[in-house]
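Q: If you scroll down you'll find the structure; I have some questions about it.
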């Protein structure tokens, strides 16, 4: 069983749209939406939720005033100024580091685990999908990403699936790190801009650190052909597989509005064949074999 993770150096490159297209083109797969901070693969997959589970993340300090001697040590130790002079905890300011809990001489501070979000197993028109939703302003997205990838693998093993297609988070932060460890290969979706090249390079360096094979494609390539050519040249110079260029095509947006992939919306679109060729390049690449 293999796992293909679709990434981008920034949001808005078309990563999720391409993930949906790959889901439509593949067979015997399980889908995973690891972009838990802004999950939107479900908008194209029309999931029918069959399992819903709370995600328990980090704790928030809570002072037991019956035990508290008001010595002030917790106020002194808290770097985030989350404990006020009246020995009440500001839950928004509390980062859940637990220093006050460990060092309180009266053991007067509790640390209850919080429900940070939910994760789901759903049936979709393209097979089973594991996805999640992090609560508003909640942390621990890296932990939630790791959890749903683990659940996707369990589900794939149970179903005898050959492939997990994961829609990863944008950027290079903790959620991205949690999404690439142990993956078979990554596809980085770039766009033909100066900032697109910069963000792509950061993602490539991160993948190299974890020794995860990388492939690259350029979306909306005809908006700046010169920059698209620069990306292709740069990628090939690093001996990274270049999958191809996808032109800017309003068909993606039109299909998205209908909650469909372009294969469902307009099979006669020229972009249909371009994306199909990129998927063929992925499946036949050394990184996936």
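Just so it is clear, none of the values below were taken in a lab; they were calculated from the coordinates. Since we're looking at a predicted model, the values are computed, not measured. We place every Cβ from the backbone using ideal geometry, glycine too, and count neighbours over all the protein chains shown.
Q: Which residue, 190, 269, 69, has the most motion in a Gaussian network model of the chain that connects Cα atoms within less than 10 Å?
A: 69
Q: A follow-up question, please. Between the stretch 116-183 and the stretch 1-65, what is the C-alpha centre distance in whole Å?
A: Going from one Cα centre to the other spans 5 Å.
Q: Need one number: the % of Cα-Cα pairs in the stretch 183-289 sitting beyond the 19 Å mark.
A: 47 percent
Q: Based on the mean of other Cβ atoms within 10 Å per residue, sort peptides 271-281, 179-189 so the most packed one is first.
A: Highest to lowest by the protection proxy: 179-189, 271-281.
Q: Here is a follow-up. Could you tell me what % of all Cα pairs in the stretch 243-289 have separations over 18 Å?
A: Of all Cα-Cα distances in the stretch 243-289, 35 percent exceed 18 Å.
Q: Just to be sure I understand the model, the point goes 7 Å from the Cα along the line to the Cβ. What's the resulting residue 150 to residue 264 distance in nm?
A: 3.2 nm
Q: Here is a follow-up. What's the angle, to the nearest 10 degrees (0 to 90), between helix 194-209's Cα axis and the longest principal axis of the chain?
A: 70 degrees
Q: Could you give the alpha-carbon Rg of the stretch 84-194 over 2.2 N^0.38 Å, rounded to two decimals?
A: After normalising by residue count via 2.2 N^0.38 Å, the value is 1.44.
Q: Now a separate question. Using bins 5 angstrom wide from zero, how does P(r) for the stretch 110-175 break down, in % of all Cα pairs?
A: Per 5 Å bin, starting at 0, the Cα pair percentages come out as 4, 14, 25, 23, 16, 11, 5, 2, 1, 0.
Q: I'd like the per residue volume of the convex hull spanned by the Cα atoms of the stretch 1-80, given in cubic angstrom.
A: Roughly 209 Å³ of hull volume per residue.
Q: Let me ask another. Quickly work out the residue 254-to-residue 118 label distance, labels modelled 7 Å from Cα along the C-beta direction, and quote it in nm with one decimal.
A: 3.5 nm
Q: Once the cut-off is 28 Å, how many percent of the Cα-Cα pairs in the chain end up in the long-distance tail?
A: The answer is 44 percent, as a whole percent.
Q: Sorted from largest down, what three extents in whole angstroms do the Cα atoms of the stretch 131-244 have along their principal axes?
A: Here the spans come out as 44, 36, 26 Å, largest first.
Q: How high is the relative contact order of the chain, given as a whole-number percent (alpha carbon pairs under 8 Å, six or more residues apart)?
A: It comes to 26 percent, rounded to a whole number.
Q: Could you grab the Rg to Rh ratio for the stretch 1-135? Cα atoms only, Kirkwood for Rh.
A: 1.19
Q: Rounded to the nearest 500, what is the chain's calculated 222 nm mean residue ellipticity when only DSSP H runs of at least 4 contribute -39500 (n - 2.57) each, over all residues?
A: Calculated from helices alone, the mean residue ellipticity at 222 nm is -10500 deg cm²/dmol.
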